[in-house]
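Structure, as C-alpha cells:
The values are calculated or read from the model by the stated rules, or taken from the named source; none is laboratory data. Not measured: the values here are computed from a predicted model. Cβ: placed from backbone, ideal geometry, glycine included. Neighbour counts: every protein chain shown.
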Amino acid sequence: MKKAILFTLISIAYTTNSYSQIGIMTENPVTNSLVHIDAKSNNTQTGSNLNLDDVVIGQNGNVGLGTTAPQKKLHIVTGGTATTPNPQVRIEDGYQATNKVLMSDANGLARWSDYIPGYQAGVVGAGITHATTLTGTSQWSKTNMTITLDPGQWLIFYMISMTTNTVTVSDSNYRCWVQVSMGDNSTTATTDAISKNRFSNNAFVGKRTIINGWIAIDNKTTAAKTYVLYVGAVQNSMSGLNLLNVGEVNDGYSNIYAFRINMQ
C-alpha cells in the first residue's frame, strides 16, 4: 500500500514537472494553466458557457471560477448579464444582513457593515464685508467659507449668515436681493458643478439674513481641490448699504459640509 501511494506521488510530481499542468475531468487543460478542473467534463461539447463549471489556476497565480482565462488574482464569472444578473458570491461571517456592504479596515480585512457615505467638513473663517453697490468684476466677494474635496462626486450643503448695517430708508419693508455662488480660487462659479450653482434670499436693512444652498460637484482632477463660497450680485442695492459679517465663524449659523455621491 505504501509503495502504491509513493508511486502515485512520484507520478504526479513527474507529470507536473514535465508538463506544468494538471487536468482534472479534462484531457485538454487550458494553455498557461497549472491546474484545470472541468467539473462537468463538458469542454469538448458545443454550445455556450461551457466554462462556467471550470476552476483554473493560471501559471501567473490567478484563479478563475467560471472562466479559463482569469484576469486577476480572483476572477469569477457566473454567466449573469445586465438584464439577467446571476449573483454567486456568498460570504457568511456573522455580520451579514439585509442592505449591508462589504467594507475593509486599514489592513484590507473585509466584513459586512452598514454603509456610511464619505463625509467632509468645510472651514468657516472670519466674516467679510460686501458693499451692495459693487458692480462689474467686483460684484462678487470671496468669503472665508471653503471646503476641500478629494477627486470624485460630492454633494455640498451650506448655510451662510450675514447682517446689514442700518441706513435710512423711506420704506420700512425695503430689502435687497443677495446671491451666493460656489466657485474656486479663480472663478466665482466652478466649472465642476453638475447641478444648480446659485442660491439667494432677501436681506432686510439692519436684520440678519441666512441663505441655505446645496450644489453637486465632480472633481475630475487627481488631487484634492478647494471650493469657495462667493457672495454678491446684489439687486435693489442702496448707496451705503453693506453686507456685514458674511460667513462669520462665531455667529453660530454659518456652516459647510459635503457627502460623497454617485450621479449617473
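Here are some notes:
- Qualifying positions in segment 161-191 - farther than 21 Å from Ser239 by Cα and either modelled with pLDDT under 95 or out of contact with any helix residue (DSSP H, G or I) (no Cβ under 8 Å at 6 or more places or on another chain) (or both): Ser181, Met182, Gly183, Asp184, Asn185, Ser186, Thr187, Thr188, Ala189, Thr190, Thr191
- Looking at Asp150, Asp114, just one residue is within 20 Å of the chain's Cα centre (by Cα), of a type in the set (D, E, K, R) and loosely packed, with under 12 Cβ neighbours inside 10 Å, and that residue is Asp114.
- Being modelled with pLDDT under 95 and polar (S, T, N, Q) is a description that does not apply to Asn62.
- Whichever residue in segment 138-161 is outside any loop (DSSP other than H, G, I, E, B) and polar (S, T, N, Q) and, among such residues, is farthest from Val246 (Cα to Cα): Gln153
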